[in-house]
1. Tell me which strands (runs of 3 or more DSSP E) are completely within region 1-58 and hold 3 or more residues being β-branched (Val, Ile, Thr), touching a residue at least 24 places away in the same chain (Cβ under 8 Å) and surrounded by 10 or more Cβ atoms within 10 Å (Cβ to Cβ), or say none if there are none.
2. For region 150-190, enumerate the residues that are under 18 Å from GLU6 (Cβ atoms) and in a helix (DSSP H, G or I).
3. Looking at region 82-108, which of its residues are among the hydroxyl-bearing types (Ser, Thr, Tyr) and closer than 15 Å to TRP67 by Cβ?
4. Provide a single number: the residues in region 38-82 that are among the small types (Gly, Ala, Ser) and over 26 Å from ARG4 (Cα atoms).
5. Looking at region 115-134, is at least one residue within 25 Å of THR154 (Cβ to Cβ), free of Cβ contacts under 8 Å to residues at least 60 places away in the same chain and under 19 Å from the mean Cα position of the chain (by Cα)?
6. Tell me whether region 29-43 contains one or more residues that are within 30 Å of SER116 (Cβ to Cβ), among the basic types (Lys, Arg), touching an Asp or Glu at 6+ places or on another chain (Cβ under 9 Å) and modelled with pLDDT under 90.
7. Can we say PRO90 is over 17 Å from the mean Cα position of the chain (by Cα) and either aromatic (Phe, Trp, Tyr) or in a loop (DSSP other than H, G, I, E, B) (or both)?
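The values are calculated or read from the model by the stated rules, or taken from the named source; none is laboratory data. Everything numeric here is computed off the predicted structure, so don't read it as measured data. No Cβ is skipped: glycine too gets one built from the backbone with ideal geometry, and neighbour counts run over all protein chains shown.
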Amino acid sequence: MRIRVEAECSELCPDNFPRWEIVRFDIPARGALPPARIHWYNAQESELQKRGIWQQLEKLAGRPLDWKEGWAPRFGSLLVGTKGVVHTNPHNSLCALLPAKDFPNSGGPPRSMPRSPGHEKEWLQACKGGPAPLSNFDHSGLMCELLLLGNIATLLGKPLEFDPVACKIPGNDEADRALRPPRREGWPLP
């Protein structure tokens, strides 16, 4: 199984991030799970509007993307499925199942889930010996790895095929070396 990653960006930037980047991940079927395609847009709204992407996302959501509340009302995620769309703000503190008419009784997360006091407080409680945070690295670490892979594709400006089992990018030595950059002396990883 290989994950295909393609990136487009404003300019190749070896020392920092480009002004905007658009990354597409194609993940093959895994057991009973179907293939998945993930689009990551790391750009200002004006760039997404200029490219027609913002309008496409609003069409998928069936409503404007802005939230009337929260600290970043025009950012977030859309998870598009066969039965509907999940729209969240950046930290998933606001969530909507869309189209709303198809999910009249959603009413928020199940009451069996504990309410979060916020990810910063959860992290601090875990550091003090409390329970693992809901946003722990067991699942968020994998997402971060995927996004960092997108950064490598953006940095090199060419499509990549990633083997997640071997943790290698076969056939592209430069990209494969970028997965494990050299570390300063005295800072090895176990």
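1. Working: elements: 3-9, 21-27, 36-42.
So the answer is 21-27.
2. Within region 150-190, GLY150, ASN151, ILE152, ALA153, THR154, LEU155, LEU156, GLU174, ALA175, ASP176, ALA178, LEU179 meet the criteria.
3. The first filter runs over region 82-108 and keeps only residues among the hydroxyl-bearing types (Ser, Thr, Tyr), leaving 82, 88, 93, 106.
Result: THR88, SER93.
4. Taking region 38-82 first, the residues among the small types (Gly, Ala, Ser) are 43, 46, 52, 61-62, 70, 72, 76-77, 81.
Pick out the ones that are also over 26 Å from ARG4 (Cα atoms) and you get 46, 62, 70, 72.
Residues that pass the stated criteria total 4.
5. Just the residues of region 115-134 that are within 25 Å of THR154 (Cβ to Cβ), to begin with: none.
The answer is no; no qualifying residue exists.
6. No.
7. Answer is no for this residue.
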